[in-house]
Structure formats: structure tokens, C-alpha cells
Amino acid sequence: MALHVRGVLLPDDEVRDLWLIGDRVTFEPVPGAETVADGGFVLPGLTDAHCHIGIARGGAPITSLDQARELA
């Protein structure tokens, strides 16, 4: 699925259209893309989502395989 966003692209401070296809971003229009935002600000960046399977809440080490499975 392709997505389309339009907004003020930072840090250039100009209104631009962006199309998102999988893990790519392009300025070239993508036919059939669904517009999910039309206005606001677009700030390019990276997102990191991960977990530390061996570390329980509060930074304590896990003590069992069941805890590791729960964290994963």
C-alpha cells in the first residue's frame, strides 16, 4: 500500500508532497496512494522500535525463560 502526505517539510519550511511506499519515501507521485495527512509538519527522521529481552522493568536482569518470552 502506498501512502501520501502533504505538509510543511522541515527544516526547509516549504509545503511538499511525499509518497511512502514500504520503507521508501519519494517526491514522485504514486498512483492510487491513500492520502493520510494534508497539513501540518513533516519532520524527516528514523524510528527505532526494539526491546531488551534480557532486561526486566527497572533494569533488573530476567531470571527465567518465561520472562524472556513475555518480554519478546
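Observations, loosely collected:
- Computed over the chain, the per-residue total of -39500 (n - 2.57) for DSSP H runs of n ≥ 4 gives a 222 nm mean residue ellipticity of -2500 deg cm²/dmol, rounded to 500.
- Relative intensity of the chain on a log10 scale, I(q)/I(0) at q = 0.15, 0.27 Å⁻¹, equals -0.62, -1.24, per a Debye sum over C-alpha point scatterers of equal strength in the absence of solvent.
- Signed unit charges on C-beta, dipole axis of the chain, positive-most listed residue P31, A72, V15: A72
- Heavy atoms of the protein chains alone define the surface here; on that basis the chain has 81 Å² accessible area per residue at 1.4 Å probe size.
- Stretched out straight at 0.36 nm per residue, the stretch from L71 to L10 would grow longer than its current Cα-Cα span by 18.4 nm.
- Of all accessible heavy-atom area on the chain, the percent that carbon and sulfur account for (1.4 Å): 56 percent
- Straightening the chain between V25 and C51 buys 6.8 nm, computed as 0.36 nm per residue apart minus the Cα-Cα spacing.
- For I62, net neighbour charge (Lys/Arg +1, Asp/Glu -1) across residues whose Cβ lies under 13 Å away: 0
- Between the amide H of A56 and those of I62, distances stay under 5 Å, these residues lying 5 or more places away or on another chain, with hydrogens modeled in the peptide plane.
The values are calculated or read from the model by the stated rules, or taken from the named source; none is laboratory data. Since we're looking at a predicted model, the values are computed, not measured. With ideal geometry, Cβ positions are generated from the backbone for all residues, glycine too; neighbour counts draw on all protein chains shown. Protein only, heavy atoms only, side chains kept; ligands, DNA and RNA dropped before computing areas. Shrake-Rupley method; radii C 1.70, N 1.55, O 1.52, S 1.80 Å.
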